[in-house]
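A.B. asks: Provided herewith is a single structure, encoded as structure tokens, for subsequent inquiry.
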Amino acid sequence: MPAAGEPEIIHAALPAGATVLDLGGGNGRIAHALLDLGHPVVAVDDSPHMLAQVRGAATVCARIEDPWLDRRFDAVLLASHLINTPDEAARQSLLVSARRHLADAGRLLVEWVPDRGPRPARVAG
């Protein structure tokens, strides 16, 4: 499935060359376009098959909730259906992982589909 305008929206929200952590990056549908727009990207997904399709970005094969990367990013993406889970504990776990990888002045960009689940709660810290 190709990107549907998400990379351009993300690019417009970030400074030029901002580093991006793509949580749930899948096959790179958003990462590839962000790389073309000049953003270094690290894609995280728990499917080695999906990550094998990612080109140009660093990849980490892990569940979103698990990575403890030794760096922080200008932007962290949760641009997938995952945040729409009705399980509040699972949503919180995703948001906590995103926050721990976010630079102090960074931006968390979440794709939330209103008719597919509860609105994500704000995570302090």
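Where a number appears in this text, it was derived from the coordinates with a stated rule and is not lab data. Computed from a predicted model, the values in this text were never measured in an experiment. Backbone-built Cβ (ideal geometry, glycine too); neighbour counts: all protein chains shown.
A.B. asks: Which peptide among 42-49, 101-108 comes first, and what is the full order, when sorted by highest mean count of other Cβ atoms within 10 Å?
C.D. replies: The most tightly packed comes first, giving 42-49, 101-108.
A.B. asks: Using label points projected 7 Å from each Cα along Cα→Cβ, tell me how many nm separate ALA13 and ALA103, to one decimal.
C.D. replies: A separation of 1.6 nm, rounded to one decimal place.
A.B. asks: I would also like to ask the following. I'd like the FRET efficiency for ASP36 and ARG71, computed as 1/(1 + (r/R0)^6) with the beta carbon distance as r and R0 of 30 Å, rounded to 0.05.
C.D. replies: 0.85
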